[in-house]
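The values are calculated or read from the model by the stated rules, or taken from the named source; none is laboratory data. Please read these numbers as outputs of a predicted model, since none were measured by experiment. When we count neighbours, we look across all protein chains shown, and the Cβ atoms used for this are built from the backbone with ideal geometry, even at glycine.
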Amino acid sequence: MEKLPGATVHQFVEAWGAMGALWGINRSVARVHALLMATEGQLSLEEIADQLRISKGNASMSLRDLRTFGVVRQVEVPGDRRDFYVTEPDVWTMFFRIMKERKRREFDPALDAIRHLLEEPGAPGAVRGRLEQMADLLTTFESLASRFLKDPASSRAALSLVAGLPFDSRRGRR
């Protein structure tokens, strides 16, 4: 099995952690995810904590978040009682799972909140107008996101088309 150089993996882990933090994802969660993506095979909770120099509690909480997103799963190693983890092998599947979960956690509550706000009387005309426009905009995005996330294969092909990239539907890549 070929292994990436440690410095290269470290750079990727730190870059992914920084990017995740900018996108509102806990830095440790992003770093754990990056380590698993850059690892062939499974890692134990202890190995993850050790390699990232974080506590086992932090690693465990990060893994729980990644499992909730559906991008990491726990696997068993025969003869070993420890918990081991692997990442989703297909990055497009990973992307769509993350998008679905973020929509559910972040976008849907915001849209619900603005809809409830509009049901309440009393907003001045200009404020009400802005809120109605925002509800309109968010409803449009919600419709697009729902269609986009409903059929990942078609959405991936559409993204390739919009980006001007070839798409091979049999292999799922360019």
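Observations, loosely collected:
- Checklist (1) in contact with a strand residue (DSSP E or B) (Cβ under 7 Å, 6 or more places away or on another chain); (2) over 24 Å from SER155 (Cβ atoms) applied to VAL71, failing item: (2)
- Test for THR93: is it touching a residue at least 40 places away in the same chain (Cβ under 8 Å) and either β-branched (Val, Ile, Thr) or loosely packed, with under 12 Cβ neighbours inside 10 Å (or both): yes
- Of residues in the stretch 118-128 being assigned to a helix (DSSP H, G or I) and out of contact with any Leu (no Cβ under 6 Å at 6 or more places or on another chain), the one surrounded by the most Cβ atoms within 10 Å (Cβ to Cβ): ARG128
- Unmet requirement for LEU36, which otherwise passes all of (1) touching a Leu at 6+ places or on another chain (Cβ under 9 Å); (2) in a helix (DSSP H, G or I); (3) farther than 26 Å from ALA153 by Cβ: (3)
- Residue within the stretch 88-108 that is out of contact with any helix residue (DSSP H, G or I) (no Cβ under 7 Å at 6 or more places or on another chain), outside any helix (DSSP H, G or I), closer than 30 Å to LEU43 by Cα and not basic (Lys, Arg) present: yes
- Residue in the stretch 51-63 that is among the charged types (D, E, K, R), more than 13 Å from the chain's Cα centre (by Cα), at pLDDT 95 or above and assigned to a helix (DSSP H, G or I) present: yes
- Residues in the stretch 15-49 that are over 22 Å from GLU101 (Cα atoms), modelled with pLDDT under 95 and exposed (fewer than 15 other Cβ atoms within 10 Å of the Cβ): GLU40, GLY41.
- Index of the failed condition, LYS100 passing every other in (1) basic (Lys, Arg); (2) surrounded by 13 or more Cβ atoms within 10 Å (Cβ to Cβ); (3) modelled with pLDDT of 90 or more; (4) farther than 30 Å from GLN74 by Cα: (4)
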